[in-house]
Amino acid sequence: MATLSRLPKSKLTMYAGDRNPPHFHVLANDGSEALIDLECLQVIDGTVRPAVKKEALAWASQNVALLATKWKETEPMRPKQFILTSVKTTPTASLLLRYADGEQFEVGLVDTIKQHPSLERLKDPTVFGLAKVGDHGASVIWANDDDLELAADNLRARAVEQAGG
């Protein structure tokens with residue numbers, strides 16, 4: 001963990017190898033925590049009191065370049081084997097996945113779709129065909145719907161398992 005700044009109401013940190021999207025952590029003195037997206041400077045997870053948030057965002061807006069540099073420094077620690085670079089669909093409800101480490105996998109999703117009611121819409125071949133790489137290569141998303149999203153690391157593990165590995 002790298003401490004970026006100690007403020008009166010909080011400590012701002014960044015963790016090596018943290019997942020995308022690029023963000024930093026606000027650790028409030030009262031024990032609450034929030035994650036702030038570096039691109040839009042908005043809370044993406046957690047909650048802190050409004051005064052803590054205001055203080056952290058004020059600091060961040062004046063230190064955008066530093067935040068970007070610090071995030072880049074952690075990049076080598078993010079495993080490339082879990083970052084998707086491309087996805088293609090097949091007519092048999094499979095995905096052809098390419099990862100940043102150069103590996104390619106095919107993963108069948110018929111059983112996954114059957115087991116999870118939240119993925120019901122993926123039974124429609126038109127919707128399934130809309131698969132694309134999600135933000136920062138961390139997932140596959142369909143129809144720009146956050147409810148239709150599968151994490152890149154889980155897809156790779158499932159593909160390896162299906163291949164008998």
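The values are calculated or read from the model by the stated rules, or taken from the named source; none is laboratory data. Since the structure is predicted, the reported quantities are computational estimates derived from the model, not experimental observations. Cβ placement follows ideal geometry from the backbone for every residue including glycine, while neighbour counts extend to all protein chains displayed. Just so you know, the surface numbers come from the protein's heavy atoms only, side chains and all, with ligands and any DNA or RNA stripped out. Shrake-Rupley method; radii C 1.70, N 1.55, O 1.52, S 1.80 Å.
A compact table of results
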item	result
Filtered residues of the stretch 113-157 (kept if more than 19 Å from P21 (Cβ to Cβ), open to solvent by 70 Å² or more (accessible area, probe 1.4 Å) and touching a helix residue (DSSP H, G or I) at 6+ places or on another chain (Cβ under 7 Å))	R121, K123
Residue in the stretch 150-162 that is at positive phi and in contact with a Leu (Cβ under 7 Å, 6 or more places away or on another chain) present	no
Strands (runs of 3 or more DSSP E) wholly inside the stretch 6-98 containing at least 2 residues that are under 30 Å from R121 (Cβ atoms), open to solvent by 30 Å² or more (accessible area, probe 1.4 Å) and touching a strand residue (DSSP E or B) at 6+ places or on another chain (Cβ under 7 Å)	43-47, 84-89
Odd one out for E55, checked against (1) farther than 30 Å from P8 by Cα; (2) of a type outside the set (G, A, S); (3) touching a residue at least 12 places away in the same chain (Cβ under 8 Å)	(1)
Count - residues of the stretch 111-165 that are in a helix (DSSP H, G or I) and touching a residue at least 40 places away in the same chain (Cβ under 8 Å)	12
